[in-house]
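These notes concern the structure reproduced below.
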Protein chains: 2
Amino acid sequence: MADIKTGANPLFLREEELRQCIELLFFAYRDFTAGPDEILKEYNFGRAHHRVIHFIGRNQGMTVSELLDILRITKQSLSRVLNALVEREIVEQRPGVVDRRQRLLYLTEEGKKLEQKISTIQRNQVAKAFVEAGGDAVAGYRKVLSGLINEEDREKALSRILER
Amino acid sequence: MADIKTGANPLFLREEELRQCIELLFFAYRDFTAGPDEILKEYNFGRAHHRVIHFIGRNQGMTVSELLDILRITKQSLSRVLNALVEREIVEQRPGVVDRRQRLLYLTEEGKKLEQKISTIQRNQVAKAFVEAGGDAVAGYRKVLSGLINEEDREKALSRILER
DNA sequence: AATATAAGTCAACATGGCTGACATAAAAAC
DNA sequence: GTTTTTATGTCAGCCATGTTGACTTATATT
């Protein structure tokens, strides 16, 4: 089957392979967000809330600017979601000590619980995929996905992920 | 740095590693959709149109039901996007020959051009990441992402991706 | 002839993006 | 010490894209 293509036109196979990998990313992302969505729905939260909870959880005490830079949305968009989370006592804001203009972001105890609940699902899902795929595969996964991150801020993103 | 964690609590490292891999997926997906978004904006299309164009392009003559099943959205949501694409002569609908209730979906010549334009960007982006990461990494990437797809329809999704 | 299926439509609503304009407090620069 | 910049927030309105529910039409299946 592949022989025909390989023999006749290796570039076609390459294109085909690339397209497959693109689709794989679509399907994986689609199914990877489905689990959290269910739980969030119980709380009347959406995917936007999830992202905020996730990154604050990973980065307690981060500033609003930092969060905006990660999410790549406007502050008006963030504000809606963030205010809802503060109101529901999932997220807490404290003025910065060195720069009092800043409102540093923290998960409350309840927020931590929710974060834990959601992220456990995702971690189990990833863990399962990792076990099935094996350690080398995980390394490959990391390499490729790192390479997909925009070059200009790859280091920024990766250091945010890794320096912890 | 990692030594402390490794020695003291290997489970923490594992959780940490999993969290990193989750974030990697977020950042990669974020930056992977940025390129197409720019082009689509010129046409006044959005990501929803992109998905439709992509899957029809990959699967000329597919039915509406099949497309709905892939996208996991309601037919009402799809209809808005699909009608726009038909009106703009990007997508064409032809009645099925064996089952005339079906409206089989095809990209027009113009649609193919647009699809090509968008997908070239993404393929280049993926190709670059693959070259940087190496062949083994690509295999790992595929394994892990396959594992992230919902088990119930993994075969369906994968066969759709691979049987071509 | 009755029922089920593929597809479409109308209407109303929710979520989460966006822009633009403006406000406030605190830090930094002059 | 006054001016300017920065971090954050807010109001108002728009757009894209998802949802549910109710109903229609044509065709296939039973």
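Just so it is clear, none of the values below were taken in a lab; they were calculated from the coordinates. Owing to the predicted nature of the structure, the values given are computational and were not obtained by experimental measurement. Methodologically, a virtual Cβ is constructed for each residue, glycine included, from the backbone with ideal geometry; neighbour enumeration extends over all protein chains shown.
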Net charge of neighbours whose Cβ lies under 15 Å from the Cβ of residue B:80, counting Lys and Arg as +1 and Asp and Glu as -1: +3
Pull up all non-local amide H partners of residue A:91: gap of 5 or more, or a different chain, and H-to-H distance under 5 Å with H placed in the peptide plane. A:86, A:108
Loop-only check: which GluC sites (Glu not before Pro) in segment B:37-106 are DSSP coil with at most 16 other Cβ within 10 angstrom? B:89
With viscosity set to 1.567 mPa s and temperature to 4 °C, compute the Stokes-Einstein D of the protein assembly as shown, Rh being the Kirkwood radius across alpha carbon pairs; µm²/s, no decimals. 60
Mind checking the mean number of beta-carbon atoms from other chains within 10 Å of the Cβ atoms in A:53-66? 1
How far is residue B:88 from the same spot in each other copy, in nm, shortest first, if each label point sits 7 Å from Cα toward Cβ? 3.4
May I ask you to derive the relative contact order of chain B, considering only C-alpha pairs under 8 Å and at least 6 residues apart, and to give it as an integer percent? 18
Excluding residue A:143 itself, calculate the net charge of residues whose Cβ lies under 10 Å from the Cβ of residue A:143, where each Lys or Arg counts +1 and each Asp or Glu counts -1. -1
List, in order, the whole-Hz ³J(HN,Hα) value for each residue of segment B:73-78 obtained from phi through the Karplus relation with A = 6.51, B = -1.76, C = 1.60 and θ = phi - 60°; use x for Gly and Pro. 10, 7, 5, 5, 5, 4
Output the Kirkwood hydrodynamic radius of chain A, Cα pairs only, in Å rounded to one decimal. 18.4
The answer for the net charge of residues other than residue B:71 whose Cβ lies under 9 angstrom from its Cβ, with Lys and Arg +1 and Asp and Glu -1, is +2
Please identify every one of the trypsin sites (Lys or Arg not before Pro) in segment B:34-139 that sits in a loop by DSSP and has no more than 16 other beta carbons within 10 Å of its own beta carbon. B:72, B:88, B:100, B:101
Longest principal axis of chain B (C-alpha) makes with the long axis of helix B:47-58 (C-alpha) an angle, in degrees to the nearest 10, of 80
